[in-house]
Each structure stands twice: as structure tokens, then as C-alpha cells.
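Structure first, commentary second.
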Amino acid sequence: MNTKSQTREMGRMWRAADVLPASINEDARTVEVVWTTGARVKRRSWFDGSWFEELSLDPKHVRMERLQSGRAPVLLQHNSWDPDAHQGVVVSAKLEKSQGTAVLRFLTGDVDADKTWNKIRQGVLTTVSVGYDVHKMEKIEDGDETIPVYRATDWEPYEISPVSLPADPDAVIRSADDKKSRTHACEIITRGEPPQKEQRNMPNENNGSGAVESVRAAERERVTTIQGFIRKHNLDDKLGAKLVADGTSVDEARKVILDALATRADEVGISSHLRVGDREYVLRGSRGTGQQDALPEHVRDMADGLALRLGWRSTNASSAARQFERLSVVDLARECIYSRGERVRFLAPRQILERAFAGGTTSDFSLLLSSAGDRLLMQGYETAQSGIKQIARQSSSRDFRKKKLIRLSEAPELKKVNEHGEVTNGAMTEDSRDSYPVETFARIFSLTRQAMINDDLAAFDVVAAYGRAGAEFEHTELAKLLTSNPLMPDGKTLFHTDHGNLAATGSAISITSLGAAAAAMRTQKSWDGRMVLNITPRYLLVPAALEVVARQHVAQINANQATHVNPFGGQLEVVVDPRLDAASKLSWYLAAAPGAGPGLEYSYLDGQTGPVIEQVEDARILGVSWRVILDWGCGVVSHEGLYKNPGA
């Protein structure tokens, strides 16, 4: 039997492990974990295909020095590039025949470490993950479906991280910082000739440049798509960098981003409140001032539980909320009555609901129903897909009057100081005009007493649909605004040859037409004509009909000749909005980043960033009613940050 040895660049990996709750030492802030059992897991990478991996637990095969040094870190979610993510140390670690165990000690006086430690103490965070490098793997069998099985016979654990969800066992996780080496050499031992199919699944430079380029193109598309998601939702760039570095697929990235949006809605708050008479209750987040009151903790937990049952996606719900997830509406009403010290042992469901609603719209039961509805409303609103909203700037308005836009001219040029040291004054001119107003849009829905007794919660599907409808309304209005080519204060339309932002003749997307559009944006002048603005285009906005062509012209190409280089590769982000197709399937646009060049703008009423839910008393409804309200408006700030080509 032949033995072959090769070297492959391998990324750092993670594996799920278990916390042992009984081992918690409160005084020392330590806990014991099982960090490996060496079990077989499936791995995958873009360049090497799929394989099964086993970890040898033979002490001769495991480099334990780093984990046993007393200095190995306990990190937050494997975040090795952020010093603030260092939450403790691995006090001790050992390797036995069937498993590896370790004792973790958490820092004191560190806010993030305290949060993690409290979650472990309360049994909410029960999973840890070990990070390790593999230096040598030996193929031991072909495995199922011709996927080979490799055993790590030289590997090195280096850190342990508490995680909310274990790392995906079907992907190689790369977590090193961009400024450091992400990979290391790993020796691959193969006994016997590898199957032909395996060679096809693991393309390299010698088995055809087409396969390699295909893999590279797929990887570039993955990175571009994930980065686009992060920018679209204004999430932390670190999350995008981590998803890219970890090799996360686009589908998995969508799930992570949805969880991040839900967490942001919970922790930061999206200025959504339940209005009841002269009071407002904060439905997300716990910060309230003046007339704004945070929901009581038990109400929040029950609301979270009901929302989870109705399909709310959140990783921030407490363990108590998970318990309430199983209760019916009548059971939740009973819990609200119990919480205020009343007995309901012999009451019928109808009587329980009547007692729970006692106190009107400020009762705990009313508040938890409203809060659950709000979570579904915002989930529908946040996850609705949009293209055109990415190119628009978000603002706010204090009232419903037309916004007043004030523009100052550019500062006058500096003058040389004469020999007498005299410095002359320079004047700046001001342009003030009315723009667009914020208007109110609303709908009402109800949950009847009969539906609550029957535990029929179809009404909450309506509120989620209203959230999606609210987002769709915003996106549609922005698309109408752009395609209607409205009049500007100078009496000319938004896209006009005199504005320098309209192609004289329509042409298809090409390097030449993109170059002309980019040059026109860069040479735009300030409204007083004093300064060249040098606006950099950031987005290529197209209807669905032009998506493929647009992506072809912004793709990055590894060219062998300078003349083959795509100057827009990686420079423009394609934004597709199917709402543009109704106006034209040929027209395409360039737009600056919302903060870099004026263009489209949308505003919410001051203090809001989306629809709000408002509970109302309605004597005609035997149940409870809510209004969904959106205070929103949009307009064009100026023409300089937009360019249109009618297409051909």
C-alpha cells in the first residue's frame, strides 16, 4: 500500500463542548467543561470539498502545552481580534481516554465577563466551543458517499469560548484577525491511492484553472453578498468580517443577521412604544425616561414567550421566556392574575380573561399581548427585503410640517496674506427651502375574546403582515419618487442634462458607460458653483431585469493583463429593486453612499425608526384592539449624489 504525504493550508477550527453546571464554584468564579470527546464531525471548505474529521485523544497526538499553560484565554464567541472579548483564562486542562476536560475562571469587574458568568450560573448558557489548530491529519477510510475520513494525529487546542450556539459542524471556521496569518501548514497522510471523485472535489492549481476560478468566483460572490447584508442593515462591520473569515455560507449568514437584528431590537430599542393614554411603555429595551416606563420583567418574559410561539426569531430571550412559550393565552392570563396575588383556581376561561383585563389597557395582560404583537410587527418590518432604501439617507422630523432644508455654500477660497498681515473676511451664502412632510399611515386589528379562549392567534399573523406591508410601502414610495423624476427648486427635473446627472443618450451597462457616469458624479459642483464635489459612486441601482448584467460588470477579475482589469470590480455594489421594472426595464442608476452625497432621503417622526403599535379601547369589540401607526415621509434632498442612464 502506498503512502502519500502532502501539505494543505488549514484554518482554525471550533468544536462544540458542554458546561458541567454541578461544577460551578461561585467564590472562585470557575466552572468545569468537557471541551472534546474526539467525535467524528463533518467539515467543509470551498477549496478542499467535504471530509469527516476525528480527533485522536492519544496524548502523543495532542499538543496540550498552550491549554495547560494557565494563560490560555476564555474568549467571547471566539473573538480573538478584540482584547475586550478576553473574559477569563483556562486554569487547568487534562486529556483522558474518552474526553478532554478543563476548568475555566472568569474575570471579576468586567461587564461582559459578568454577563457570561451569570448566564452560566443560571443555566441559560450551557455550551462552550474549543478552538484548535490541526497540524497533521491521516486518512483512515473513504467513509460514506465517498467522503473521506481523516483523523487528526497532531493537533493543538488554544482557547475555549462560551457560545450561544455551537459552531456549525459542517464548515471550517476561520477566526484569526486579518492582520495575522489565518492558515497554517497541515500535513495530510494518505495511505493508498485516493478515489478519483475525491480529486475532483478538491480542486487545485493542477487540475484545471476553470475549476479553481469557479471556486474563487463563488467565494467572491459569498463575501460580496454578506458585506452587502451588513451595510444594508447598518450592522457592525466586525460581524461581517467574522462571517467572512469563518467561511459562513450566505444562507447561514442570513440567519445570523436576522438574529442580530432581533437582538438589536431587544437591547438597543427601535424607538417603538405602546401608547396608553398619557403614558408610553417601552416595548424593546429597558430604558425609559419621563413618561416612558419599562415593562415589568415578568410581563416582558411572558410577551417574549408568546412571541416565540408565534414565530418570533430571537437569541436574546431568557430561559423564563422559553418556559412561557408553551402556555396558551388563557394560561398566560392566569399567570398575570397569580402575579398580583389573586386566586383563579375555579374560574372558567371566560372569567379568567375578564379578570386579567381588569385595569384596562394598563393591565399586565394587555401589555404582554401588545408587546408580543410589537415584536412580530418589527420582525416583519425589519426582514422585508429592500433595494432602493439602501441608497437613501435616513433622517427624522420633529413634527408634521414640511422639513426645512438649509444648505450653506462652500467656504470661500483662502487668500494669500499680504506683507501688512491683513486678513480679509470671507462670506458664505445660505439656501433655505421647504422639502417634504412626514405623514401618518395606520391600520387597526383585533383579537377577540372567542379567539383567546380557543387559543386561536391568527390575528397576530395580521400584525406581522402589517410590518411587512409598512416596509413595502416605504420601499415603493422611494421607487416612485426616483422614477417620477420630480421637479427640483430650480424648476428642472431631478435628472436633467443641466444638472449633469443624466446621460445624453441611453446606453447599456458597460465599462464605458459606467466610466462616463462615474466621471459625471465626480465632476459635480456645489450648488454655488465654487467647488468640485468629487462624489464617489457607491451603488449601481438596477431593476431586476438588469441584475445579471450589472453583476457581471462589477465582478472582480484576476486579470493577467492591465487591459483586462475591471476598474469597477469591488468598487460598486449592485442594488436590485424589482419595483423599478414597472417604470423601465432598461434604466439604471449610480448613487453615492447616503452620507457621502445628497440624494434621496426618508424621515420618521422624531424618536421613531419604524411603525409603532398602539392599544385602543373599542367598546364595539369584545376583545382587544390595536392600531399600527407609521409616521413617515420621503423626498429628494439634491441631485448631485444620483445619476441616471435611460439604458438601451
- [ ] Could you please let me know if L541 is part of a helix (DSSP H, G or I), of a type outside the set (V, I, T) and either modelled with pLDDT of 95 or more or surrounded by 19 or more Cβ atoms within 10 Å (Cβ to Cβ) (or both)?
- [x] no
Open item on the list: Filter region 511-530 down to the residues that are polar (S, T, N, Q) and open to solvent by 40 Å² or more (accessible area, probe 1.4 Å) and list them by number.
Closed with: T512, T523
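Name the single residue that is farthest from the chain's Cα centre (by Cα) among those in region 458-480 being under 16 Å from Y602 (Cβ atoms) and open to solvent by 50 Å² or more (accessible area, probe 1.4 Å). Reasoning before the result, please.
Within region 458-480, the first condition is being under 16 Å from Y602 (Cβ atoms), and the residues that meet it are 470-480.
Narrowing further to those that are open to solvent by 50 Å² or more (accessible area, probe 1.4 Å): 472-473, 477, 480.
Details: E472: 19, F473: 22, E477: 24, K480: 27 Å.
Checked region 458-480; the qualifying residue farthest from the chain's Cα centre (by Cα) is K480.
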Open item on the list: Give all pairs with beta carbons closer than 7 Å in which a residue from region 92-120 that is closer than 15 Å to E159 by Cα and basic (K, R) meets a residue that is at pLDDT 85 or above and part of a loop (DSSP other than H, G, I, E, B); count only pairs at least 6 apart in sequence or on separate chains.
Closed with: R105/A28; R105/R29
Task: Out of L642, L605, L600, sole residue that is touching a residue at least 40 places away in the same chain (Cβ under 8 Å), open to solvent by 10 Å² or more (accessible area, probe 1.4 Å) and of a type in the set (A, V, I, L, M) - done: L605
Open item on the list: I'm told Q608 meets every condition in (1) part of a loop (DSSP other than H, G, I, E, B); (2) at pLDDT 95 or above except one. Can you identify the failing condition by its number?
Closed with: (2)
- [ ] Go through the residues of region 435-455 one by one and say whether even a single one is in a helix (DSSP H, G or I), at pLDDT 85 or above, buried (at least 18 other Cβ atoms within 10 Å of the Cβ) and of a type in the set (S, T, Y).
- [x] no
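Taking the stated definitions as given, is I509 farther than 30 Å from S370 by Cα and not hydroxyl-bearing (S, T, Y)? Quick ask: steps written out before the conclusion?
Values: farther than 30 Å from S370 by Cα: yes; not hydroxyl-bearing (S, T, Y): yes.
For I509, the condition - farther than 30 Å from S370 by Cα and not hydroxyl-bearing (S, T, Y) - is met.
Looking only at region 616-639, how many residues end up being at pLDDT below 80 and not in a loop (DSSP other than H, G, I, E, B)? Walk me through how you get there before you give the answer.
Step one: of region 616-639, the residues at pLDDT below 80 are 616-623.
Narrowing further to those that are not in a loop (DSSP other than H, G, I, E, B): 616, 623.
Of the residues in region 616-639, 2 are at pLDDT below 80 and not in a loop (DSSP other than H, G, I, E, B).
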TODO: Scan region 549-602 for residues that are of a type in the set (F, W, Y) and modelled with pLDDT of 90 or more and jot them down.
DONE: W588, Y589, Y602
Open item on the list: Contact list please: Cβ distance under 8 Å, first residue in region 481-504 and open to solvent by 50 Å² or more (accessible area, probe 1.4 Å), second residue acidic (D, E), pairs at least six apart or on different chains.
Closed with: K492/D498
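The values are calculated or read from the model by the stated rules, or taken from the named source; none is laboratory data. Small disclaimer: the values here were computed from a predicted structure and weren't measured. Don't worry about glycine lacking a Cβ; one is built from the backbone with ideal geometry, like all the others, and counts go over all protein chains shown. When the accessible area is computed, the model is the full protein with side chains, heavy atoms only, and any ligands, DNA or RNA have been set aside. Shrake-Rupley method; radii C 1.70, N 1.55, O 1.52, S 1.80 Å.
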